[in-house]
Each structure stands twice: as C-alpha cells, then as structure tokens.
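Before any comments, here is the structure.
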Amino acid sequence: PAWGQTHLEWLLHLPSQPLRLAVGAGIRKGGEQVAFHVLVNGRVVWDGGDPGSGRMVTGSIDLSPWADQPVLLSLVTASLGSNNCAWAVWVDPRLERVTP
C-alpha cells in the first residue's frame, strides 16, 4: 500500500558460534522510492535507505550479540510514496559463519 511496509520474517534460534547476515537490496530500473531495513527483535540493525531506481545496496549485520538466543529476523521494505510499480527486491540474504 501507499506509504506501507512489507515484512519478510523468520523466527530463528541462532547457534552459539558467531554469525552475520549478508544482504543486498535494490530497486529495479524504473521503480519508485523504497527504503530497506533489517530488524532483529523489532530493532533496526541495518538501514539500507533508498538506493534509487536501478541501484542496489549491500550490507553485513553482525549477529553475535544474539548468539545462542531466539530472534525474530525481519527484512522490511517500506514504500516512500504511492508504491505504484516500486520494483523493490531483496538479493541473496544469507547467514554466514564468522571466521576468526
């Protein structure tokens, strides 16, 4: 909806070894304004902002503060206008082991 949000959510129990979440987010060419956020337990831990039409942003979020705990991980796409043909996409979200 106009000025609305879409949430992709997973309830996870993170392992004791440190992990990070790697993400990419973008707006396909010709798409309208959209903001991207990653939340852990409802708190914003990554603000990808509005990359603009035809562009992509990437990020890496350290999840070690929540090691060995249950978390609600949310990828949030927020419309910054009419949301008519926003063409917002999340690209290859993945959990990665942190190596020392």
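What to note about this one:
- The number of residues in the stretch 27-61 that are without any contact (Cβ under 8 Å) to a residue 24 or more places away in the chain, farther than 16 Å from Leu95 by Cα and among the hydrophobic types (A, V, I, L, M, F, W, C) comes to 1.
- For first residues located in the stretch 62-80 and on the phi > 0 side of the Ramachandran plot, partners that are among the polar types (S, T, N, Q) and open to solvent by 60 Å² or more (accessible area, probe 1.4 Å) and lie 6+ apart or on another chain with Cβ distances below 7 Å form the pairs Asp68/Ser16.
- The C-beta contact set for the stretch 9-26 (first residue within 20 Å of Asp68 (Cβ to Cβ) and assigned to a strand (DSSP E or B), second residue open to solvent by 10 Å² or more (accessible area, probe 1.4 Å) and of a type in the set (Lys, Arg), distance under 9 angstrom, 6+ apart or interchain) comprises Leu19/Arg97; Arg20/Arg97; Leu21/Arg94.
- Top-ranked residue of the stretch 68-89 - restricted to ones that are open to solvent by 50 Å² or more (accessible area, probe 1.4 Å) and among the hydrophobic types (A, V, I, L, M, F, W, C), ranked as farthest from Leu19 (Cα to Cα): Cys85
- Cross-chain or 6+ apart pairs with Cβ under 7 Å, the stretch 83-100 first and of a type in the set (Val, Ile, Thr), then open to solvent by 100 Å² or more (accessible area, probe 1.4 Å) and outside any strand (DSSP E or B): Val89/Arg28
- Restricting the stretch 56-87 to residues that are assigned to a loop (DSSP other than H, G, I, E, B) and farther than 21 Å from Gly4 by Cα, the residue that is farthest from the chain's Cα centre (by Cα) is Asp68.
- If the condition is being of a type in the set (Gly, Ala, Ser), part of a loop (DSSP other than H, G, I, E, B) and either open to solvent by less than 20 Å² (accessible area, probe 1.4 Å) or at pLDDT below 95 (or both), then the stretch 29-55 contributes Gly30, Gly31, Gly52, Gly54.
The values are calculated or read from the model by the stated rules, or taken from the named source; none is laboratory data. The model shown is predicted, which means the values in this text are computed figures rather than measured ones. All Cβ positions, glycine included, derive from the backbone under ideal geometry; neighbour counts span all protein chains shown. All accessible areas refer to the heavy atoms of the entire protein, side chains included, with ligands and DNA or RNA removed. Shrake-Rupley method; radii C 1.70, N 1.55, O 1.52, S 1.80 Å.
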